[in-house]
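Engineer: Before I ask anything, let me first share the structure, which is written out below as C-alpha coordinates.
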Amino acid sequence: MNEGGYPPSGFDPEEEEDLTAEEREALRALPREMIPPAALEDRVASALRADGLLRSVQPGRRIGTGPRRAYAWAGAAAAAIALFASGMVVGQRSVTRSVAEAMAERLAGDPVAQAAQVQEAGSDYVRA
(Lines give C-alpha, C1' and ligand atoms only; values in the text may rest on other atoms or scores of the structure.)
Protein backbone atom coordinates (compact mmCIF):
# COMPACT_ATOMS: atom_id res chain seq x y z
CA MET A 1 0.00 0.00 0.00
CA ASN A 2 1.18 3.50 -0.74
CA GLU A 3 0.67 6.58 1.43
CA GLY A 4 -2.97 7.07 0.37
CA GLY A 5 -3.89 3.54 1.49
CA TYR A 6 -4.50 2.34 -2.06
CA PRO A 7 -2.80 -0.68 -3.59
CA PRO A 8 0.07 0.18 -5.97
CA SER A 9 -1.97 -0.80 -9.03
CA GLY A 10 -5.24 0.69 -7.70
CA PHE A 11 -6.96 3.96 -8.47
CA ASP A 12 -5.82 6.88 -6.35
CA PRO A 13 -8.16 9.88 -6.56
CA GLU A 14 -5.36 12.20 -5.35
CA GLU A 15 -3.37 11.49 -8.53
CA GLU A 16 -6.31 12.18 -10.86
CA GLU A 17 -5.88 15.77 -12.09
CA ASP A 18 -9.33 16.19 -13.71
CA LEU A 19 -11.31 15.64 -10.49
CA THR A 20 -12.57 18.31 -8.20
CA ALA A 21 -12.12 18.05 -4.44
CA GLU A 22 -15.78 17.00 -4.06
CA GLU A 23 -15.39 14.25 -6.64
CA ARG A 24 -12.26 12.96 -4.95
CA GLU A 25 -14.05 12.86 -1.61
CA ALA A 26 -17.04 11.07 -3.20
CA LEU A 27 -14.71 8.45 -4.71
CA ARG A 28 -12.97 7.97 -1.36
CA ALA A 29 -16.35 7.45 0.35
CA LEU A 30 -17.39 4.63 -1.99
CA PRO A 31 -17.38 1.11 -0.43
CA ARG A 32 -14.39 -1.03 -1.37
CA GLU A 33 -16.47 -4.18 -1.91
CA MET A 34 -20.11 -4.94 -2.52
CA ILE A 35 -22.13 -7.20 -0.25
CA PRO A 36 -24.22 -9.63 -2.31
CA PRO A 37 -27.99 -9.69 -1.81
CA ALA A 38 -29.25 -12.02 0.94
CA ALA A 39 -31.32 -14.10 -1.49
CA LEU A 40 -28.41 -14.74 -3.88
CA GLU A 41 -27.32 -17.98 -2.19
CA ASP A 42 -30.88 -19.35 -2.30
CA ARG A 43 -31.25 -18.45 -5.99
CA VAL A 44 -27.92 -20.10 -6.90
CA ALA A 45 -28.72 -23.25 -4.89
CA SER A 46 -32.18 -23.48 -6.51
CA ALA A 47 -30.70 -23.13 -9.98
CA LEU A 48 -28.09 -25.82 -9.25
CA ARG A 49 -30.80 -28.18 -7.92
CA ALA A 50 -32.91 -27.54 -11.03
CA ASP A 51 -29.94 -28.48 -13.24
CA GLY A 52 -29.32 -31.63 -11.17
CA LEU A 53 -25.92 -30.41 -9.93
CA LEU A 54 -26.91 -30.15 -6.26
CA ARG A 55 -28.89 -32.66 -4.21
CA SER A 56 -31.48 -31.65 -1.67
CA VAL A 57 -30.67 -32.51 1.92
CA GLN A 58 -33.49 -33.98 3.95
CA PRO A 59 -33.71 -32.59 7.48
CA GLY A 60 -31.99 -34.85 10.00
CA ARG A 61 -30.00 -36.79 7.36
CA ARG A 62 -26.40 -36.13 6.55
CA ILE A 63 -25.12 -36.61 3.03
CA GLY A 64 -22.82 -39.60 2.62
CA THR A 65 -24.02 -41.77 5.48
CA GLY A 66 -25.61 -45.18 5.54
CA PRO A 67 -24.54 -48.76 4.88
CA ARG A 68 -23.62 -48.21 1.22
CA ARG A 69 -21.22 -45.46 2.19
CA ALA A 70 -19.69 -47.65 4.92
CA TYR A 71 -19.10 -50.46 2.41
CA ALA A 72 -17.45 -48.02 0.03
CA TRP A 73 -15.08 -46.83 2.78
CA ALA A 74 -14.29 -50.42 3.79
CA GLY A 75 -13.57 -51.35 0.18
CA ALA A 76 -11.32 -48.33 -0.29
CA ALA A 77 -9.41 -49.16 2.90
CA ALA A 78 -8.97 -52.80 1.83
CA ALA A 79 -7.70 -51.69 -1.59
CA ALA A 80 -5.23 -49.27 0.02
CA ILE A 81 -3.90 -51.99 2.33
CA ALA A 82 -3.55 -54.44 -0.57
CA LEU A 83 -1.73 -51.84 -2.66
CA PHE A 84 0.62 -51.00 0.20
CA ALA A 85 1.36 -54.67 0.91
CA SER A 86 2.05 -55.45 -2.75
CA GLY A 87 4.42 -52.48 -2.92
CA MET A 88 6.26 -53.79 0.12
CA VAL A 89 6.59 -57.26 -1.44
CA VAL A 90 7.87 -55.91 -4.77
CA GLY A 91 10.30 -53.58 -3.03
CA GLN A 92 11.61 -56.32 -0.75
CA ARG A 93 12.16 -58.69 -3.68
CA SER A 94 14.02 -56.09 -5.71
CA VAL A 95 16.28 -55.23 -2.76
CA THR A 96 16.93 -58.91 -2.02
CA ARG A 97 17.80 -59.59 -5.66
CA SER A 98 20.12 -56.56 -5.81
CA VAL A 99 21.95 -57.59 -2.64
CA ALA A 100 22.26 -61.20 -3.81
CA GLU A 101 23.67 -60.11 -7.18
CA ALA A 102 26.15 -57.76 -5.51
CA MET A 103 27.31 -60.48 -3.11
CA ALA A 104 27.70 -62.96 -5.97
CA GLU A 105 29.86 -60.49 -7.89
CA ARG A 106 32.07 -59.87 -4.87
CA LEU A 107 32.44 -63.54 -4.03
CA ALA A 108 33.40 -64.45 -7.60
CA GLY A 109 36.77 -62.68 -7.36
CA ASP A 110 40.15 -63.45 -5.80
CA PRO A 111 39.93 -64.81 -2.20
CA VAL A 112 42.87 -62.65 -1.06
CA ALA A 113 41.22 -59.52 -2.44
CA GLN A 114 37.99 -60.51 -0.70
CA ALA A 115 39.80 -60.90 2.63
CA ALA A 116 41.41 -57.48 2.17
CA GLN A 117 38.01 -55.96 1.43
CA VAL A 118 36.52 -57.53 4.56
CA GLN A 119 39.46 -56.24 6.61
CA GLU A 120 39.03 -52.74 5.18
CA ALA A 121 35.28 -52.73 5.90
CA GLY A 122 35.92 -53.87 9.46
CA SER A 123 38.52 -51.16 9.99
CA ASP A 124 36.14 -48.51 8.63
CA TYR A 125 33.45 -49.78 11.02
CA VAL A 126 35.77 -49.58 14.03
CA ARG A 127 36.92 -46.05 13.08
CA ALA A 128 33.32 -44.84 12.78
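The values are calculated or read from the model by the stated rules, or taken from the named source; none is laboratory data. None of the values given here were measured: they were computed from a predicted structure. No Cβ is skipped: glycine too gets one built from the backbone with ideal geometry, and neighbour counts run over all protein chains shown.
Engineer: Which count do you get for residues in region 23-50 that are modelled with pLDDT under 90 and assigned to a loop (DSSP other than H, G, I, E, B)?
Structural biologist: 9
Engineer: Being loosely packed, with under 10 Cβ neighbours inside 10 Å and basic (Lys, Arg) is the filter here, so list the residues in region 80-128 that pass it.
Structural biologist: 127
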